[in-house]
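Below is one structure, written out as structure tokens, with a few remarks after it.
The values are calculated or read from the model by the stated rules, or taken from the named source; none is laboratory data. Here the structure is a predicted model, which is why all the values come from computation and not from measurement. Cβ placement follows ideal geometry from the backbone for every residue including glycine, while neighbour counts extend to all protein chains displayed. What goes into the accessible areas is simple: the full protein's heavy atoms, side chains included, and nothing from ligands, DNA or RNA. Shrake-Rupley method; radii C 1.70, N 1.55, O 1.52, S 1.80 Å.
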Amino acid sequence: MKIELRSDTFTLPTPGMREAMFSAPLGDDVFGEDPTVNALEEKMAKLFNKEAALFCVSGTQTNQIAISVHVSKGQEVICDELSHIYLYEGGGIMANAGASVKLLKGDLGRLNVSQIRAAISPDDIHACESRLVSLENTVNKGGGSIYTSEALQEISDFCRSVNIPLHLDGARIFNAMVEMGQTPAQFGAWFDTLSVCLSKGLGAPVGSILLGSKEFIKKARRVRKRLGGGWRQAGLLAAAGIYAVDHQVERLKEDHARAREIAQVCEKLPWVKAILPVSTNIVILELQDGLSSATKVAELKEKGIYCAPFGPSYVRFVTHLGFDDEALQAFSERISE
Ligand SMILES: *Cc1c(COP(=O)(O)O)cnc(C)c1O
């Protein structure tokens, strides 16, 4: 048995999801006439209590569209130095929006309100104008860390008071939500715009949703088209997204429980130096001094355990709906061999 823990993007559509895709009514979404895409966008907007939504190819696309709409050439985005928008989106902040970035060092990728307050550029012609604050929840590079509701409330209140939009990279927002005991509508209230992934833990094959005001989404739709992101009978994929939101959210807690078990098993391994705190479905191991992540990943692959190097001395495991109790059992046996 192959044990797939490289990413929660490896999930495959479940039988019920395939059924929903097969029977979805379709049309041309570039003309606004795919009923299933329209249904997904309306459903998500309503769920998060936002005016409008836009179905996109990926989380990178939703984040980059959002940044391009919020921030103009010569202005800046404020984010944590571990942010996906900075590290893993091909330099898109600069390449797509022509914008600069101010990187802050948070706690496992989480910023606090005082840091953000101190980072806003003064109203001075020498400064790069701060035009967006972007947070991630959960934080991928922070080992799936989550914000507290209090922290998000403070940051949201502050950004509103200085009239700077607040964006959420919510690639794993449902993982955060089930642990925080929060609702999508509360997230919709905290953030001006949100990127929500359907294809990670939720298990849809493709797609992310961008949420915001009507005016914002109208501009976002134009940017998506300019980037070649107009997609025709995308309802096949939207149907999978609808199914995922209806059936595959509550089960995320199981992924979190299995991630905690992985951490417990790995704690005892002699080659593991430390483990980042496990809050959701990500486990990041730090290797003992002198060990390389590339070598360790290759060794584990020999045992049928697939994981990802995360920098030269870290290894990442991500649990998801394709990793069940049987796989967990096999993992525990093989990794301790
Ligand atoms: C995976 C991920 C994204 C988007 O990834 P895509 O592969 O472009 O869908 C964005 N932010 C975070 C934190 C992620 O983990």
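The table below gives the values:
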{"quantity": "Pair list, Cβ under 8 Å, 6 or more apart: the stretch 269-297 residue touching a residue at least 12 places away in the same chain (Cβ under 8 Å), other residue exposed (fewer than 14 other Cβ atoms within 10 Å of the Cβ) and acidic (D, E)", "calculated": "K273/D289; I275/E267"}
{"quantity": "Options S145, S149, S156, S161: the member that is within 28 Å of T319 (Cβ to Cβ), more than 15 Å from the ligand (Cβ to nearest atom) and polar (S, T, N, Q)", "calculated": "S149"}
{"quantity": "Flag if L132 is within 16 Å of the ligand (Cβ to nearest atom) and out of contact with any helix residue (DSSP H, G or I) (no Cβ under 9 Å at 6 or more places or on another chain)", "calculated": "no"}
{"quantity": "Search result, residues across the stretch 301-321 that are more than 26 Å from the chain's Cα centre (by Cα) and either surrounded by 16 or more Cβ atoms within 10 Å (Cβ to Cβ) or not charged (D, E, K, R) (or both)", "calculated": "G304"}
{"quantity": "Boolean, L237 is open to solvent by 20 Å² or more (accessible area, probe 1.4 Å) and in the same structural domain as R110 (by TED's automatic domain parsing)", "calculated": "yes"}
{"quantity": "Residue that is farthest from T193 (Cα to Cα), among those in the stretch 78-100 that are within 14 Å of the ligand (Cβ to nearest atom) and among the β-branched types (V, I, T)", "calculated": "I93"}
{"quantity": "Residue within the stretch 240-255 that is among the polar types (S, T, N, Q) and not in a helix (DSSP H, G or I) present", "calculated": "yes"}
{"quantity": "Selection count where residues are part of a loop (DSSP other than H, G, I, E, B), open to solvent by less than 30 Å² (accessible area, probe 1.4 Å) and among the polar types (S, T, N, Q), scope the stretch 121-165", "calculated": "4"}
{"quantity": "Selected residue [in contact with a helix residue (DSSP H, G or I) (Cβ under 8 Å, 6 or more places away or on another chain) and on the phi > 0 side of the Ramachandran plot] from G181, G144", "calculated": "G144"}
{"quantity": "Residue list for the stretch 138-197, restricted to those being among the β-branched types (V, I, T) and farther than 24 Å from K253 by Cα", "calculated": "I155, V162, I164, T193"}
{"quantity": "Residue identified as away from the ligand (no atom under 16 Å from the Cβ), under 30 Å from I155 (Cα atoms) and of a type in the set (S, T, Y) among S199, S213", "calculated": "S213"}
{"quantity": "Every residue from the stretch 261-292 that is among the hydrophobic types (A, V, I, L, M, F, W, C) and either part of a loop (DSSP other than H, G, I, E, B) or within 10 Å of G143 (Cβ to Cβ) (or both)", "calculated": "A263, L269, W271, I275, L276, V278, I282, V283, I284, L285, L291"}
{"quantity": "Looking only at the stretch 183-205, and only at residues there that are among the β-branched types (V, I, T) and either more than 13 Å from the chain's Cα centre (by Cα) or at pLDDT below 95 (or both), the one that is least open to solvent (accessible area, probe 1.4 Å)", "calculated": "T193"}
{"quantity": "Of all residues making up the stretch 166-182, the number that are open to solvent by less than 30 Å² (accessible area, probe 1.4 Å) and either without any contact (Cβ under 8 Å) to a residue 12 or more places away in the chain or among the hydrophobic types (A, V, I, L, M, F, W, C) (or both)", "calculated": "8"}
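Listed here are the residues, each with its yes/no results for (1) out of contact with any helix residue (DSSP H, G or I) (no Cβ under 7 Å at 6 or more places or on another chain); (2) of a type in the set (A, V, I, L, M); (3) at pLDDT below 95.
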position: V283; (1), (2), (3): no, yes, no
position: E286; (1), (2), (3): yes, no, no
position: E299; (1), (2), (3): yes, no, no
position: Y314; (1), (2), (3): no, no, no
position: H320; (1), (2), (3): no, no, no
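Conditions tested, residue by residue: (1) under 14 Å from E136 (Cβ atoms); (2) open to solvent by 10 Å² or more (accessible area, probe 1.4 Å); (3) assigned by TED's automatic domain parsing to the domain that holds A151; (4) assigned to a loop (DSSP other than H, G, I, E, B).
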site: G16; (1), (2), (3), (4): no, yes, yes, no
site: E19; (1), (2), (3), (4): no, yes, yes, no
site: V30; (1), (2), (3), (4): no, yes, yes, no
site: L40; (1), (2), (3), (4): no, no, yes, no
site: K50; (1), (2), (3), (4): no, yes, yes, yes
site: I65; (1), (2), (3), (4): no, no, yes, no
site: V69; (1), (2), (3), (4): no, yes, yes, no
site: N96; (1), (2), (3), (4): no, yes, yes, no
